[in-house]
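Below: one structure, written as structure tokens.
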Amino acid sequence: PEEISAPRICGVSFSHAAILNRVFQLQTCRALHHGVDLDEYKLYEGPRNGRALVVNRVQWFKGIWEAIQICEMAGIGLDVVGPVDHIQGDWYVPFVKQHERNGQVVFHGEVSQEKKIEMMQKASVGISVPNHCEAFGLSVVETEACGTPMVTNTSGALPELVPNENSCRDMMRA
């Protein structure tokens, strides 16, 4: 077999690969982006529901609170979908749920794959604003595959995934 002269490590984004190269003092790490099955995440061109959608693990560093604030300032409803992290869930889920007012913010928790895709397809906009360095952001790619525009911050790989630079400020202006 071929002798390995250097570690062979692959990042899930250019941003992630750069971090791995820096941390492990490499120059060989490359990016291999995730993909989604476009037969499952179908492009949707029907009517939208006038609401924003966050699909992510429900953890403080995934930006759920920030998405709630953005939607409140923009005057748009928000659906929050994702599994609860049981380490943080004891305090964070009640914190998120206290913002369920008049249906403006609705916490759905974890939903079926079919329901998640339907919500991605019908949302007017997806939001991903983590407050940590996001290595990839698979839900961003899934939502975009459904034809739903994304608003993101510039955390980690997100600028690679949303190249048209939709910002939170743009959403509030719209």
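The values are calculated or read from the model by the stated rules, or taken from the named source; none is laboratory data. Just so we're clear, the structure is a prediction, and the values are computed from it rather than from any experiment. Methodologically, a virtual Cβ is constructed for each residue, glycine included, from the backbone with ideal geometry; neighbour enumeration extends over all protein chains shown. Ligands, DNA and RNA are stripped out before the accessible areas are found, and what is left, the full protein with its side chains, is counted by its heavy atoms. Shrake-Rupley method; radii C 1.70, N 1.55, O 1.52, S 1.80 Å.
Of everything in the range 49-66 that is open to solvent by less than 50 Å² (accessible area, probe 1.4 Å) and part of a loop (DSSP other than H, G, I, E, B), the residue that is farthest from GLY156 (Cα to Cα) is GLY50. Here the range 162-173 is the region considered, the condition is being exposed (fewer than 13 other Cβ atoms within 10 Å of the Cβ) and assigned to a loop (DSSP other than H, G, I, E, B), and the residue that is modelled with the highest pLDDT is PRO163.
Just one of the listed residues (GLN98, GLN69) is within 21 Å of THR154 (Cα to Cα) and open to solvent by 50 Å² or more (accessible area, probe 1.4 Å), and it is GLN69.
So, in the range 114-131, of the ones that are of a type outside the set (Asp, Glu) and open to solvent by 60 Å² or more (accessible area, probe 1.4 Å), which residue ends up farthest from LEU158 (Cα to Cα)? Across the range 114-131, the extreme among qualifying residues is LYS115. Looking across VAL84, VAL111, VAL36, one residue alone is farther than 19 Å from ASN153 by Cα, within 17 Å of the chain's Cα centre (by Cα), open to solvent by 30 Å² or more (accessible area, probe 1.4 Å) and at pLDDT below 85. It is VAL84. Answer yes or no as to whether VAL54 is within 13 Å of the chain's Cα centre (by Cα) and closer than 30 Å to ALA17 by Cβ. Yes: the conditions hold for VAL54.
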